[in-house]
Amino acid sequence: MRIKKKEAIAKLDKITAIVLKRGFFWPTAEIYGGKAGFYSYGHLGKAMKQKFEQLWRSHFFSNCKNYYEIEPSSILPEQVFIASGHLEHFNDPLIECKTCHFRFRADQFIEDNLKIKAEELTTEEMSNLIRKNKLKCPKCNSWHLSEVKWFNMMFPITLGAAGVKDLAHLTPETAQASYLAFKREFEATRKKLPLGIAIIGKAFRNEISPRQLFFRLREFTQAELQIFFDPDEINKLEKEEWKEISKYRLIMLPQKEKKVKEISCEETNKKLKLPKLYVKNMVLVQKFYLEKLKIPKNMFRFRELSEKEKAFYNKIHWDIELNLETIGGFKEVAGIHYRTDHDLLGHEKHSKQNLHVFWNNKKFIPHVLELSFGVDRNIWALMDLFYKEEKERTLFSFPLTVSPIDIAVFPLVNRESMPEKAKEVYNLLKQDFSCFYDETDSIGRRYRRQDEIGTPYCITIDNQTSKDNSVTIRELNSMEQKRVKIGTLLVELKNLK
Ligand code: ATP
């Protein structure tokens, strides 16, 4: 069921209020009025982000042979972005009001006012549409608007104090650093393909109109995995591996379709002509969302991008979209990009370093399949999807895999040695779980506070505890309680993980 715009705004306001009040995140430099596109994580947001990143690591590459994580610099010399094409192509359409000098994104302006998709239009087409429809400046209502121009989204910086311009840029994607690391890593890891290089790091984009709160930031975290492989093997997988996934059904919205369809990997490979390596990684991504993050099936889809929508370096490009009420429907949270040899070839040409490898009895430049995730966008998506309002409480029904806190421990009352016993239980659990101890206010209020931040389990020490050494475990969604002996508590809870 489609939620109405008014309700979506109300939901966004309610989530924002909780997020600010409870310490998930807030606008950076808030006491100075903040700056659009910059947010800082508080203690709960950071805990959740760390869990998401760890889950991503363990799901996508910890168990893969020859996949590694690196940590590069976030400032890279300008030559890197000349070679990658970002200096020339990494642009958004900009328009300026000639009266009040307000600058904003032309495609979003057209979409908001004319309710048509504008991402694929040229700057001339956008200028014409704006003129023909007599659109006015959203700030001062003037119709003296400039022509639409391209605006490069990278943050340029000058290095050092020498006076000579030594230009660099804050990296707009973590991917480039993996391509720069490729030669070293290939040699250090014994010259084998496929080779996976992962980075969880900062990306910076000078978004013209950062809006949608936490969704479009100017500084954000990406979790990206670049898989370097032999292009002749893109459609080859071990027989057993393919057999295991060939019947698995992917939730897809291909370009030619109007509705989402579930399509088996076999068909995806044969009819949609997606190579097996690509399909295998789609399976991995879908399982991450449905099984690890517990996203309901109807809220998830892969969407194929049109030729014009695709990033300039991608040959195959499907986005992962989640249905987010607060952001206006299905929105991109990640992408799977077949970048061919575009990047390594560009870096070989510009750096004059040989980036060819010798593998499978031939010399070639490896191709790259990229899995690219925006961590912050996914965090917001989880908040949107798991937010619930019930008669007596609001909650985030987070799964244990991403909740900021695993377990809260309470004494029922603040006397009769219950706090001492509760602290003992807290100490027992805190090595294996992120725990929170609370003895203030009524037990009902303490439960509500934990519900509001999405703590999956609350343990209460009560009158019965002194009699038989048992406690209650309360589950977030059902609010059901079960009694467990302290001696078996750790095992019981580990089984829930
Ligand atoms: P969009 O079309 O929404 O601008 P994009 O297609 O440019 O995004 P990519 O370059 O593919 O995004 O980046 C990979 C991921 O990084 C995206 O799927 C998204 O989750 C995240 N991302 C990109 N831009 C931003 C941003 N401004 N703020 C937060 N996350 C972002």
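The values are calculated or read from the model by the stated rules, or taken from the named source; none is laboratory data. These figures come from a predicted structure and were not determined experimentally. With ideal geometry, Cβ positions are generated from the backbone for all residues, glycine too; neighbour counts draw on all protein chains shown. Ligands, DNA and RNA are stripped out before the accessible areas are found, and what is left, the full protein with its side chains, is counted by its heavy atoms. Shrake-Rupley method; radii C 1.70, N 1.55, O 1.52, S 1.80 Å.
Here are a few things to note about the model shown:
- Trypsin sites (Lys or Arg not before Pro) within segment 319-394: DSSP coil, no more than 16 neighbouring Cβ in 10 Å: 352, 391, 393
- Hull volume in cubic angstrom per residue (convex hull over the Cα atoms of segment 278-406): 160 Å³
- Normalising the average separation of contacting C-alpha pairs (under 8 angstrom, six or more residues apart) by the number of residues puts the relative contact order of segment 405-496 at 28 percent.
- Label-to-label distance for residue 468 and residue 232 is 7.0 nm, based on points extended 7 Å past Cα in the beta-carbon direction.
- Rg ratio (alpha-carbon, reference 2.2 N^0.38 Å) - the chain: 1.10
- The value given for segment 2-111 is a Kirkwood hydrodynamic radius of 19.0 Å, derived from the mean inverse Cα-Cα separation.
- Computed E for residue 140/residue 392 - FRET, C-beta separation, R0 41 angstrom, nearest 0.05: 0.30
- Rg/Rg_ref, segment 196-327, where Rg_ref = 2.2 N^0.38 Å and atoms are Cα: 1.16
- Probe 1.4 Å, accessible area per residue of segment 405-496, Å²: 49 Å²
- Percentage of interatomic Cα-Cα distances in segment 386-497 larger than 16 Å: 55 percent
- Here is the list for segment 227-308: GluC sites (Glu not before Pro) lying in DSSP coil, each with at most 12 other C-beta atoms within 10 angstrom of its C-beta, are 238, 257, 307.
- Residue-normalised accessible area of segment 91-152, expressed per residue, 1.4 Å probe, Å²: 62 Å²
- Alpha-carbon centroid distance for the pair segment 181-210 / segment 412-451, whole angstrom: 43 Å
- The alpha carbon convex hull volume per residue for segment 330-444 rounds to 198 Å³.
- Sparse-neighbour loop sites [trypsin sites (Lys or Arg not before Pro); segment 27-56; at most 16 other C-beta within 10 Å; DSSP]: 35
- For the chain, cysteines whose Cβ has no other cysteine Cβ within reach (under 4.7 Å): 64, 265, 435, 458
- Ligands, DNA and RNA left out, the 1.4 Å accessible surface of the chain is 51% carbon and sulfur atoms.
- Coarse-grained scattering of segment 91-152 at q = 0.22, 0.26 Å⁻¹, given as base-10 log I(q)/I(0) from a Debye sum over alpha-carbon atoms: -0.81, -1.14
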